[in-house]
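**Student:** Pasting a structure below so you can have a look.
The values are calculated or read from the model by the stated rules, or taken from the named source; none is laboratory data. Source: prediction; values computed, not measured. Here the Cβ positions follow ideal geometry from the backbone for every residue, glycine too, while neighbour counts run over all protein chains shown. SASA here: full protein model, heavy atoms, side chains in, ligands and nucleic acids out. Shrake-Rupley method; radii C 1.70, N 1.55, O 1.52, S 1.80 Å.
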Amino acid sequence: GAVVSQHPSWVICKSGTSVKIECRSLDFQATTMFWYRQFPKQSLMLMATSNEGSKATYEQGVEKDKFLINHASLTLSTLTVTSAHPEDSSFYICSADRTAAAEQFFGPGTRLTVL
Amino acid sequence: AQSVTQLDSHVSVSEGTPVLLRCNYSSSYSPSLFWYVQHPNKGLQLLLKYTSAATLVKGINGFEAEFKKSETSFHLTKPSAHMSDAAEYFCVVTEPYGQNFVFGPGTRLSVLP
């Protein structure tokens with residue numbers, strides 16, 4: 001149990017376009033989901049925390065209008081990178097918190113390349 | 001505030017020899033601690049976790065870690081390295097039952113034949 005999926009696993013887009021990444025908890029309900037960003041050979045950095053039915057909480061330095069997060073149900077959160085630029089190219093990883101599990105369950109990640 | 005230090009950015013061992021990846025943490029609470037492994041272009045896989053039960057934690061693939069409160073450490077060990085262990089390893093600290101996962105900078109493990 002506690003499987004988290006992400007779609008797509010990789011995406012290439014042109015500069016200026018928007019890209020949506022989905023994060024799903026497949027076999028449990030996740031009140032809270034998290035979005036991380038990982039640059040090559042670096043650690044994961046938390047971008048935002050999303051709670052079902054409410055606005056996401058963004059970490060300092062993360063542009064809310066650029067990285068739109070929607071957590072419309074207990075099993076789905078989406079991250080939309082708006083007007084993507086080459087510097088947004090990165091590995092985006094989501095995770096989900098299962099009540100009383102005392103850990104986060106991570107998705108496999110989405111590789112975004114902006115040309 | 002919590003923080004994690006992984007003292008070695010890169011560790012290289014020969015196949016069949018022991019592995020030691022070091023992790024020190026800082027936390028205002030009695031923390032929960034995790035080790036994750038990430039293979040190239042892959043997601044994170046949980047190796048083991050400490051959540052205030054036994055201080056010696058056994059994980060998957062022969063890895064184990066010992067929580068030492070006096071040393072604020074949670075070092076990861078394995079008696080005998082395998083080629084498939086070559087990957088990036090992350091130590092993570094969080095409050096007990098907390099959501100704020102703080103990742104260490106990672107240690108890249110290379111295994112030489």
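**Student:** So which residues in segment A:27-44 are open to solvent by 20 Å² or more (accessible area, probe 1.4 Å), within 26 Å of residue A:113 (Cβ to Cβ) and either among the basic types (Lys, Arg) or more than 8 Å from chain B (Cβ to nearest Cβ) (or both), if there are any at all?
**Tutor:** A:37, A:39, A:40, A:41
**Student:** Shifting gears a bit: Which residue out of B:9, B:70 is within 14 Å of chain A (Cβ to nearest Cβ), open to solvent by 20 Å² or more (accessible area, probe 1.4 Å) and polar (S, T, N, Q)? Please lay out each step first, then the result.
**Tutor:** Details: B:70 fails: within 14 Å of chain A (Cβ to nearest Cβ).
The match here is B:9.
**Student:** For segment A:4-17, how many residues are open to solvent by 40 Å² or more (accessible area, probe 1.4 Å) and within 14 Å of the chain's Cα centre (by Cα)?
**Tutor:** Within segment A:4-17, the subset open to solvent by 40 Å² or more (accessible area, probe 1.4 Å) is A:7, A:9-10, A:12, A:14-17.
Then drop every residue that is not within 14 Å of the chain's Cα centre (by Cα), which leaves A:7, A:9-10.
Summing the residues that are open to solvent by 40 Å² or more (accessible area, probe 1.4 Å) and within 14 Å of the chain's Cα centre (by Cα) in segment A:4-17 gives 3.
**Student:** For segment B:42-88: of the residues being among the basic types (Lys, Arg) and more than 12 Å from the chain's Cα centre (by Cα), which is farthest from residue B:30 (Cα to Cα)? Walk me through how you get there before you give the answer.
**Tutor:** Let us first name the residues in segment B:42-88 that are among the basic types (Lys, Arg), namely B:42, B:49, B:58, B:68-69, B:78.
If we keep only those that are more than 12 Å from the chain's Cα centre (by Cα) as well, we get B:42, B:68-69.
Details: B:42: 31, B:68: 12, B:69: 9 Å.
That would be B:42.
**Student:** Given the conditions (1) assigned to a loop (DSSP other than H, G, I, E, B); (2) within 14 Å of another protein chain (Cβ to nearest Cβ); (3) of a type in the set (A, V, I, L, M, F, W, C), report the number of the one that residue A:112 does not fulfil.
**Tutor:** (1)
**Student:** Name the pairs: first residue in segment A:65-79 and at pLDDT below 95, second residue charged (D, E, K, R) and surrounded by 19 or more Cβ atoms within 10 Å (Cβ to Cβ), Cβ to Cβ under 7 Å, at least 6 apart or on different chains?
**Tutor:** If the second residue must be charged (D, E, K, R) and surrounded by 19 or more Cβ atoms within 10 Å (Cβ to Cβ), the pairs left are A:75/A:24; A:76/A:24.
**Student:** So which residues in segment B:36-59 are more than 17 Å from residue B:111 (Cβ to Cβ) and aliphatic (A, V, I, L, M)?
**Tutor:** Within segment B:36-59, B:44, B:46, B:48, B:53, B:54, B:56, B:57 qualify.
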